[in-house]
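Enquirer: The structure under discussion is supplied below as structure tokens; questions concerning it will follow.
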Amino acid sequence: MKIINNKLYLKIIFFGTALAGKTTSLKWLFHHAIPDEFKTVDQVRSLETSFGQTLFFDFIPIQVSSDITVRLYTTTGQDYYHRTRRLFFEDVDGIFLVIDSQKKELAHNREFVAELGQYLASVEALKEAEIVVLYNKQDRNDVYPSEELERLLNLDRYPSFPVCATSGDNLLPAFIMMMDHILKKIREKSPHAISQ
Amino acid sequence: MDEIKNIIQGIMKRVPGIKGLILLDIDGIPLEIAGNFEMRAEDLGALLAACYNSYAQVGVELGQNLDMIIVEYGDLKLCQSAMPRGLLTIIATKESYLGLIRLEAKRAIEMIGRLMQDTKDLRKSMMEQHKFRMPGDQDIEMILAKLRKGLT
């Protein structure tokens, strides 16, 4: 959370393996779920490689009220860009951990869960961040059910949703839960908050 | 923040060929802007912060601190300097004197860096005095209700 020029800025990131569906999730939310009155841009801003994968990040700012802006980012999932990822974990309020549910991706998922654990241990502000797990690609064949992945990846301490980023199944409920948790946490921490 | 605005306006007046100047929080959130940019300030800020942070990371790998980035485009020059928790970017025409831009940037980040530390304290004090309004229950419910409409 940041307060700049009398406005509150919140930061939510999508984190997960390459091709897990981070950008697809962000784009689905932007195009199908986020109310038009919240949008301040007409498209998701992306820095992509020549072959269409996220280079640094995808980014959208949404203005949920006159004085609250939520900045949504995806981080790059490619291993060779991992050094750029840590930058995005500074001042983060919420993390969507996007898990590719395909069985063949289990080892990669484990690496990313471990990487997130390192950030949680080393970035002080992250200790306060809300984490919601999205078990993506549940519509495909040869996937682990979300309950099994939760056990295999030891993620049962976080709220989670089985999702399909291409159809948007469960993405909006996950986003609403994230916003609900973040905003209420801010409310609780702010004894001087006053309602209009 | 008026003092920061004055510093930025001063540079705009002094540097021949200057096109614009943007002061960002380290995350890319625009704090002050002078000049006209076709791109939305939020987007430009996010890109500039990502570029700076990437070069800073290269510096870490090389065991070096990053002081300044100079970029030369076809018709423009861009100079980016960091201060604690902030980034200052000056954009000028290619005819502008790079030495003058560097000097102005160096002076400005010293002054702004000090002021930003002050404004941090000021923000804290404003919150304590109820002058900054954090979201209340009613605000939060209104935001969530708008999002929930998408569920139906």
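Enquirer: In this structure, is B:Leu88 out of contact with any Pro (no Cβ under 7 Å at 6 or more places or on another chain) and assigned to a strand (DSSP E or B)?
Expert: yes
Enquirer: Moving on to the next point. Would you please name the residue that is modelled with the highest pLDDT, looking only at residues in segment A:91-112 that are touching a helix residue (DSSP H, G or I) at 6+ places or on another chain (Cβ under 9 Å) and exposed (fewer than 15 other Cβ atoms within 10 Å of the Cβ)?
Expert: Here the residue is A:Arg110.
Enquirer: Might you check whether a residue that is surrounded by 22 or more Cβ atoms within 10 Å (Cβ to Cβ), at pLDDT 85 or above, touching a Lys or Arg at 6+ places or on another chain (Cβ under 9 Å) and under 25 Å from A:Leu116 (Cα atoms) occurs anywhere in segment A:48-57?
Expert: No; the residues of segment A:48-57 include none that is surrounded by 22 or more Cβ atoms within 10 Å (Cβ to Cβ), at pLDDT 85 or above, touching a Lys or Arg at 6+ places or on another chain (Cβ under 9 Å) and under 25 Å from A:Leu116 (Cα atoms).
Enquirer: Any residue in segment A:153-169 that is touching a His at 6+ places or on another chain (Cβ under 9 Å) and within 14 Å of chain B (Cβ to nearest Cβ)?
Expert: Checked segment A:153-169: at least one residue is touching a His at 6+ places or on another chain (Cβ under 9 Å) and within 14 Å of chain B (Cβ to nearest Cβ).
Enquirer: Taking only segment A:88-107 into account, find how many residues are in a helix (DSSP H, G or I) and under 21 Å from A:Ile182 (Cβ atoms).
Expert: 2
Enquirer: Of these, A:Ile68, A:Ile60, A:Ile131, which one is closer than 27 Å to A:Ile4 by Cα, modelled with pLDDT of 95 or more and aliphatic (A, V, I, L, M)?
Expert: A:Ile131
Enquirer: Residue by residue through segment B:105-152, note down the ones that are within 30 Å of B:Gln9 (Cα to Cα), within 12 Å of chain A (Cβ to nearest Cβ) and at pLDDT below 65.
Expert: B:Thr119, B:Lys120, B:Leu122, B:Arg123, B:Lys124, B:Ser125, B:Met126, B:Met127, B:Lys131, B:Phe132
Enquirer: A further question follows. Quick check on segment A:113-132. Is at least one of its residues surrounded by fewer than 20 Cβ atoms within 10 Å (Cβ to Cβ), touching a Lys or Arg at 6+ places or on another chain (Cβ under 7 Å) and of a type in the set (Val, Ile, Thr)?
Expert: Within segment A:113-132, not a single residue is surrounded by fewer than 20 Cβ atoms within 10 Å (Cβ to Cβ), touching a Lys or Arg at 6+ places or on another chain (Cβ under 7 Å) and of a type in the set (Val, Ile, Thr).
Enquirer: Another one. Residue check: is A:Ala33 among the small types (Gly, Ala, Ser) and at pLDDT below 90?
Expert: In short, no.
Enquirer: Let me ask something else about it. Given the residues B:Leu48, B:Leu24, which is the only one that is closer than 23 Å to A:Ala125 by Cβ, under 16 Å from the mean Cα position of the chain (by Cα), in a strand (DSSP E or B) and within 14 Å of chain A (Cβ to nearest Cβ)?
Expert: So the residue among B:Leu48, B:Leu24 that is closer than 23 Å to A:Ala125 by Cβ, under 16 Å from the mean Cα position of the chain (by Cα), in a strand (DSSP E or B) and within 14 Å of chain A (Cβ to nearest Cβ) is B:Leu24.
Enquirer: Kindly establish whether A:Phe38 is out of contact with any Asp or Glu (no Cβ under 9 Å at 6 or more places or on another chain), touching a residue at least 12 places away in the same chain (Cβ under 8 Å), within 10 Å of chain B (Cβ to nearest Cβ) and among the aromatic types (Phe, Trp, Tyr).
Expert: Criteria met by A:Phe38.
Enquirer: Does B:Gln80 fit the bill of being modelled with pLDDT under 80 and within 29 Å of A:Thr69 (Cβ to Cβ)?
Expert: no
The values are calculated or read from the model by the stated rules, or taken from the named source; none is laboratory data. Keep in mind it's a predicted model, so treat the numbers as computed, not measured. Positions of Cβ are backbone-derived with ideal geometry, glycine not excepted, and every protein chain shown enters the neighbour counts.
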